[in-house]
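Each remark here refers to the structure printed beneath this line.
The values are calculated or read from the model by the stated rules, or taken from the named source; none is laboratory data. Note that the structure is a prediction, hence the values are computed from the model and not measured. When we count neighbours, we look across all protein chains shown, and the Cβ atoms used for this are built from the backbone with ideal geometry, even at glycine. Only protein heavy atoms, including side chains, enter the accessible area calculation; ligands, DNA and RNA are left aside. Shrake-Rupley method; radii C 1.70, N 1.55, O 1.52, S 1.80 Å.
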Amino acid sequence: MRGERFLSSLNDGRTVWLEGKKVSAIQEHPAFKGTLHTIKDLFNMLDNPATQEEVGFRVPGTDRYAHGSFLVPHTPEQLARRSSSFARWSSETSGMMSRLSDYARSLVTGWYSARHQLAGLDPHFADKIAAYYEQARDNDLFLTTAIIDPQIDRSGNLDDKRISERFLHVVRETKEGIVVRGAKMIATGAPYTHDFVIFSFLQFQSHNRNHAHVLIVPANSAGLHIVCRESFADAREQNHPLSAKYDEMDAVLFFDDVLIPWERVLLYGNPEHVLALRANKTANALAFHQNVVRFTAKLEFVTGVAFAVAESIGTTGFLHIQEKLGELLTQIDVIKALIIAAETKAVPDVSGVLVPDLSYIETARSLGTKYYPRAVEILQIVGGGGFVQAPSGVEDFYGPISELMHRYFEGASVSAEKKVQLFKLAWDLIGSSLGARHLLYERFYAGDPIRGLANQYNAFDKSSLTEPIWRLLKQTSKGGAAWSAK
Ligand SMILES: Cc1cc2nc3c(=O)[nH]c(=O)nc-3n(C[C@H](O)[C@H](O)[C@H](O)COP(=O)(O)OP(=O)(O)OC[C@H]3O[C@@H](n4cnc5c(N)ncnc54)[C@H](O)[C@@H]3O)c2cc1C
């Protein structure tokens with residue numbers, strides 16, 4: 001089973017740091033165990049005849065199934081199959097695991113799909129990405145991205161040595177490849193990824209050649225340090241049902257003179273080419289499509305929890321509660337409608353790859369940065385003090401105050417135990433460390449939301465909206481004596 005193979009493949013000499021210690025057996029470590037068990041089960045869905053059609057596709061010329069994120073869509077059915085593979089993995093994890101590698105895999109699939117469009121950027125790009133795509137697909141490689149440069153001084157730029165020395169840069173070239181030094185933030189899933197997709201989000205100047213590259217970096221590269229944040233995993237599943245299974249760890253990467261073999265250097269030393277790759281619509285549409293399908297599962301989950309909380313305390317008859325629960329349904333409908341629009345308005349690119357409409361997907365991603373914090377706020381309003389009324393554990397239901405527990409924690413429509421269980425689940429979503437991390441994730445995973453919306457405005461053909469206004473005002477001023485007199 002490929003889930004078990006995935007777990008054993010992590011014994012590859014990688015350097016993972018947590019709480020000042022190098023983690024030796026990551027599969028056994030309490031910070032990772034629950035999450036890795038979840039991923040193992042997801043991987044095994046591809047070996048199970050009952051689920052492999054939904055999460056995967058048969059690799060042409062073989063009997064083998066690969067995850068849908070590796071499928072290059074040429075028909076609406078294939079695009080729908082990609083979508084269903086994202087949806088199934090997301091719903092299996094209630095949308096709580098955002099980086100199950102299907103996003104980074106989709107980016108690689110996108111670059112592979114667009115390799116002929118991108119061939120002008122580097123004569124070896126097409127061959128390198130084709131070889132890597134097949135390797136990743138056929139070996140079920142777990143991938144993640146790390147594209148943000150470390151948050152040192154955002155007011156500075158690369159002319160400042162303090163910054164340029166810390167951002168990832170090339171220190172020398174060898175026959176085997178390039179040697180890089182510096183840091184990258186943030187890589188979700190880093191401790192258990194096989195390879196990192198590395199590039200920069202910044203628009204470097206033409207002379208910043210040392211910093212402009214697109215790399216695929218194996219997690220066990222010598223000199224690569226994976227530095228984890230505090231773990232939010234909690235083995236007490238009854239108290240923290242989400243933290244017990246879904247803490248996808250975030251980490252910073254330190255590159256202490258890491259050799260990247262030439263075949264893994266997709267682009268090198270050219271800021272304009274890196275920017276062109278980053279702006280490629282085929283790749284972005286295929287990758288960002290995963291983001292919004294995954295997000296729908298999360299919104300549905302929060303909505304389900306909010307409905308259950310309201311039912312459990314008998315507030316569903318109040319108008320303002322109904323209004324807020326209705327707002328959650330509107331959120332789901334809007335994101336779903338944008339996904340349907342993006343999929344039905346998909347058009348073939350120059351190579352015949354069916355590309356979802358990127359503008360609808362980007363709108364859904366932007367809305368998500370506002371919808372999720374609002375959804376969490378609604379859940380808080382719906383549950384009120386009930387979240388902290390829940391007892392420290394369920395043990396008291398079986399101890400000397402058992403009878404009182406059953407009496408005083410009883411709900412409007414559910415038993416005391418069920419109600420406590422529900423509020424613990426809800427708290428894990430909105431109040432635990434994991435919950436706080438998710439709020440931050442939804443605000444920022446797609447980049448800075450403020451600059452994202454500003455870019456949407458800047459890139460828009462504004463005259464299509466302003467011309468009718470000027471035309472209308474021209475007609476008005478012709479007819480209006482007072483204005484024309486002035
Ligand atoms: C939980 C989590 C998981 C993540 N996982 C991944 C991952 O797996 N892979 C990955 O590549 N990335 C990941 N990211 C990183 C994410 O892409 C970045 O957080 C995001 O792009 C914002 O960048 P930043 O964090 O450096 O914030 P900054 O850019 O430092 O922004 C901080 C604040 O300063 C403001 N600001 C900064 N610079 C400017 C400017 N020039 N003009 C105007 N305002 C500015 C911003 O608006 C913002 O309010 C993750 C982030 C989070 C929170």
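Between segment 447-461 and segment 325-385, how far is it from one alpha carbon centroid to the other, in angstrom?
Answer, in whole Å: 17.
Using only the Cα atoms of segment 1-149, build the gyration tensor, take square roots of its eigenvalues as a ≥ b ≥ c, and label the shape rounded, prolate or oblate: rounded if a/c is under 1.5, else prolate if a/b is larger than b/c, else oblate. It would help to have the intermediate numbers written out before the result.
Values: a/c = 1.90, a/b = 1.27, b/c = 1.49.
Verdict is oblate for segment 1-149.
Give the ranking of Asp428, Asp153 by solvent-accessible surface, highest area first, calculated with a 1.4 Å probe. Intermediate values should be presented prior to the final figure.
Numbers: Asp428 0, Asp153 50 Å².
Result, largest first: Asp153, Asp428.
Just to verify a number: FRET efficiency for Leu472 and Ile381, C-beta to C-beta distance, R0 = 35 Å, to 0.05? Let's see the in-between values first.
Working: r = 42 Å, r/R0 = 1.21.
Computed FRET efficiency for Leu472 and Ile381: 0.25.
Is the shape of the chain rounded, prolate or oblate, going by the alpha carbon gyration tensor and its root eigenvalues a ≥ b ≥ c, with a/c under 1.5 for rounded and a/b larger than b/c for prolate?
On the way: a/c = 1.65, a/b = 1.13, b/c = 1.46.
Oblate, since a/c reaches 1.5 and b/c is not below a/b.
Which FRET efficiency value, to the nearest 0.05, do you get for Arg407 and Leu329 by plugging their Cβ-Cβ distance into 1/(1 + (r/R0)^6) with R0 = 51 Å?
On the way: r = 34 Å, r/R0 = 0.67.
Plugging the Cβ-Cβ distance into 1/(1 + (r/R0)^6) gives 0.90.
If you count only protein heavy atoms and use a 1.4 Å probe, how large is the accessible surface of Met45, to the nearest 10 Å²?
20 Å²
Taking a 1.4 Å probe, which of Tyr246, Tyr371, Tyr268 shows the most accessible area, and what order do the others take after it?
Values: Tyr246 15, Tyr371 45, Tyr268 75 Å².
Output order, biggest surface exposure first: Tyr268, Tyr371, Tyr246.
Under 1.5 on a/c is rounded, so check that first for segment 2-278, then, if it is not, pick prolate when a/b is larger than b/c and oblate when it is not; a ≥ b ≥ c are the square roots of the alpha carbon gyration tensor eigenvalues. Intermediate results must be reported in sequence, preceding the final value.
Values: a/c = 1.90, a/b = 1.21, b/c = 1.57.
Judged from the Cα gyration tensor, segment 2-278 comes out oblate (a/c at least 1.5, b/c at or above a/b).
What are the ³J(HN,Hα) values, in whole Hz, obtained from phi via the Karplus relation 6.51 cos²θ - 1.76 cosθ + 1.60 with θ = phi - 60°, for each residue of segment 5-21 in sequence order, with x given for Gly and Pro?
Each residue of segment 5-21 in turn: 4, 4, 4, 6, 5, 7, 7, 10, x, 5, 10, 10, 10, 9, 6, x, 10 Hz.
Leaving out ligands, DNA and RNA, and with a 1.4 Å probe, what % of the accessible surface on the chain is carbon or sulfur? Don't jump to the answer; show the numbers that get you there.
Working: 12390 of 22280 Å².
Carbon-and-sulfur percentage of accessible area, whole number: 56.
Just by accessible area at a 1.4 angstrom probe, what is the order of His438, His225 from largest to smallest? Before the final figure, lay out the partial values.
Numbers: His438 0, His225 50 Å².
From most exposed to least exposed: His225, His438.
Rounded to the nearest whole Å², what accessible area per residue is found for the chain with the 1.4 Å probe?
Working: 22280 Å² over 486 residues.
Per-residue value: 46 Å².
Less than 13 Å from a label point 7 Å out along the Cα-to-Cβ axis of Arg172: which backbone N atoms in segment 234-273 qualify, by residue?
Residues passing the 13 Å test: 257-259.
Extension gain Gln322-Glu4, at 0.36 nm per residue separation less the Cα-Cα distance, in nm? The partial results should precede the final answer.
Details: separation 318, 0.36 × 318 = 114.48 nm, distance 4.57 nm.
Gain in length upon complete extension: 109.9 nm.
List the GluC sites (Glu not before Pro) in segment 176-276 that DSSP assigns to loop (not H, G, I, E or B) and whose Cβ has at most 14 other Cβ atoms within 10 Å. Which are they?
Values: sites: Glu176, Glu230, Glu237, Glu248, Glu263, Glu272; in loops: Glu176, Glu230, Glu237, Glu248.
In loop regions of segment 176-276 (DSSP not H, G, I, E or B), the sparsely surrounded GluC sites (Glu not before Pro) are Glu176, Glu230, Glu237.
For segment 2-278, what number of Lys pairs, 8 or more residues apart or on separate chains, have alpha-carbon atoms under 20 Å from each other? Spell out each step's value before the answer.
Numbers: Lys21/Lys33; Lys22/Lys33; Lys22/Lys184; Lys33/Lys245; Lys40/Lys245; Lys128/Lys175; Lys161/Lys184.
Close lysine pairs under the 20 Å cut-off: 7.
Contour minus end-to-end for Ile152 and Asn48, with contour as 0.36 nm per residue of separation and end-to-end as the Cα-Cα distance? It would help to have the intermediate numbers written out before the result.
On the way: separation 104, 0.36 × 104 = 37.44 nm, distance 4.66 nm.
Fully extending the segment from Ile152 to Asn48 adds 32.8 nm.
Which stretch or stretches of segment 61-97 have amide N atoms under 20 Å from the point lying 7 Å from Val347's Cα along the Cα→Cβ direction?
Taking a point 7 Å out along Cα→Cβ of Val347, the residues of segment 61-97 whose backbone N falls under 20 Å are 73-80.
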